[in-house]
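Written below as structure tokens is the structure these notes are about.
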Amino acid sequence: MWQSLMDEEYKVDGEPSIKLIIEIGGKSGTLRLSSIYGSFNYLADTELIANEVTKFYCPHCRENLATSDACNTCGAPMVSFVA
Ligand SMILES: [Zn+2]
């Protein structure tokens, strides 16, 4: 079953955000990206640190999202994101 990453409850740029789980500096948190094309606005409950490797995980199944354009495990669509 394909699952959406859209989070209707948390809006960024006035639109439902795209929810991902992130891990940075050994801590994990939630990242919500703007769904507006070209916008790099986001909400994060963990500070994004420059020069730290950030890992992205599917919020549904926690699969690492590093390389594919869709979650291989649950089929959630991915977005390209450059931190
Ligand atoms: Zn998944």
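Cβ-Cβ below 9 Å, separation at least six or inter-chain, first residue in segment 46-67 and among the small types (G, A, S), second assigned to a strand (DSSP E or B) and at pLDDT 85 or above: which pairs?
If the second residue must be assigned to a strand (DSSP E or B) and at pLDDT 85 or above, the pairs left are A66/K55; A66/F56.
Please verify whether segment 55-65 includes one or more residues that are away from the ligand (no atom under 16 Å from the Cβ) and surrounded by 13 or more Cβ atoms within 10 Å (Cβ to Cβ).
So far as segment 55-65 goes, no, none of its residues is away from the ligand (no atom under 16 Å from the Cβ) and surrounded by 13 or more Cβ atoms within 10 Å (Cβ to Cβ).
Which of the residues that make up segment 22-47 are more than 16 Å from L65 (Cβ to Cβ) and in contact with a Phe, Trp or Tyr (Cβ under 8 Å, 6 or more places away or on another chain)?
Hits for segment 22-47 are S34, L43.
Tally the residues that are farther than 15 Å from G26 by Cα and of a type in the set (D, E, K, R), restricting the search to segment 40-58.
Qualifying residue count, segment 40-58: 0.
Checking the conditions here, which among I36, I49, I24, I18 is more than 10 Å from the chain's Cα centre (by Cα) and crowded, with 16+ Cβ neighbours inside 10 Å?
I24 is the lone residue from the list that is more than 10 Å from the chain's Cα centre (by Cα) and crowded, with 16+ Cβ neighbours inside 10 Å.
The values are calculated or read from the model by the stated rules, or taken from the named source; none is laboratory data. This one's a predicted model, so the numbers in the text were calculated from it and none came from an experiment. Reconstructed Cβ throughout: ideal geometry from the backbone, glycine too, with neighbour counts over all protein chains shown.
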